[in-house]
Amino acid sequence: MKLPYSHLDLIAFAVFVLCWFGYDWFAKRHSNDRPSLLTVMNPFRERWFAQTLTRDNRIVDSALTTNLLHSATFFSSTTVLVLGGLIALFGSVEKSVDVFENLPFAQRTSQQLLEAKIVLLILLFIYALVKFTWSVRQFNFVTILIGSMAPKGETSDDDEAAAERAAGIMKLAGENFGQGLRAYYFALAVLMWFVQPLFFIAGTVVVTVMLYRMEFHSRTLDVLNGKFAPEQPAKRNSP
């Protein structure tokens, strides 16, 4: 019986699974030894909500939280649309086989393998949707905590505890939002599988390296960590 997939497809899928779970495991542990975008931002979140207690009104805090909430809501809505498109594509796989085979460098594929590729994309975007919607709820929890704080001059230990909780939930919301974005990046690699498994392997490796560099070796991280000095303008010679 001829299998609907090749050994190279299995190898490519194994590389993807290894990078998907391996990078998440590596990033969490490597953050304990080296600053990352997530860990560097956490002290700023704590400082933000410490400052919240000192403000006469908290319109700025509410506006900032709403802005973050809108970002998560936007990606949640976009993910729902993507899932709708993938489900529609799954319902017309028979017609789509010829389309994908006509792509440049495309490898001949079976209907069963094409269905497996679409299912993998659907699972990735379901994961992203769960992460984005959970971050939306967490941002909403933060707004409630801000509203529960007493006005300036009337704050108590309970309000300081509420500020600490708000900072903690904001950290979790940022982490979930980042994991949702990570699913989008890996979905781009899966798209390469529709062409051929070698492209899938290359795309997965490139995405993993790109995520690592952005999170642990980017110039943005250097600026946030205070290790990057902006270039000074050249001095003009006096006449």
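What follows is calculated from the coordinates using simple rules that are stated; it is not laboratory data. No experiment lies behind these values; they were computed from the predicted model shown. So basically every Cβ, Gly included, is an ideal-geometry build from the backbone, and we count neighbours across all protein chains shown.
As a check on your grasp of the helix formula, calculate [θ] at 222 nm for the chain: sum -39500 (n - 2.57) over DSSP H runs of n ≥ 4, divide by the residue count, round to the nearest 500.
Values: 8 runs with 182 residues, N = 239.
Computed mean residue ellipticity for the chain: -26500 deg cm²/dmol.
Taking amide H positions as placed 1.01 Å from N in the peptide plane, with prolines and chain starts having none, which residues 5 or more places from Val195, or on another chain, fall under 5 Å of its amide H?
When sequence neighbours closer than 5 places are left aside, there are no close amide H contacts.
Hey, what do the phi angles of segment 48-61 turn into as Karplus ³J(HN,Hα) couplings, whole Hz, using 6.51/-1.76/1.60 and θ = phi - 60°, x for Gly and Pro?
Computed from phi, the couplings for segment 48-61 are 4, 7, 5, 6, 4, 5, 8, 8, 5, 10, 10, 5, 4, 5 Hz.
What is the log10 of I(q)/I(0) for the chain, computed with the Debye formula using one identical point scatterer on each Cα and no solvent, at q = 0.10 Å⁻¹?
Log10 of I(q)/I(0), two decimals: -0.64.
Taking Lys227 as the anchor, which aspartates and glutamates have their alpha carbon closer than 19 Å to its alpha carbon, excluding any fewer than eight residues away along the same chain?
Asp33, Glu215
Sticking with the crude label model, points 7 Å out along Cα→Cβ, report the distance from Val130 to Asn42 in nm, one decimal please.
Spacing of the two 7 Å Cα→Cβ label points: 2.3 nm.
Quick one: 3J(HN,Hα) in Hz for segment 74-81, Karplus 6.51/-1.76/1.60 with θ = phi - 60°, rounded, Gly and Pro as x.
Ordered by residue, 3J(HN,Hα) equals 4, 5, 5, 5, 5, 5, 4, 5 Hz.
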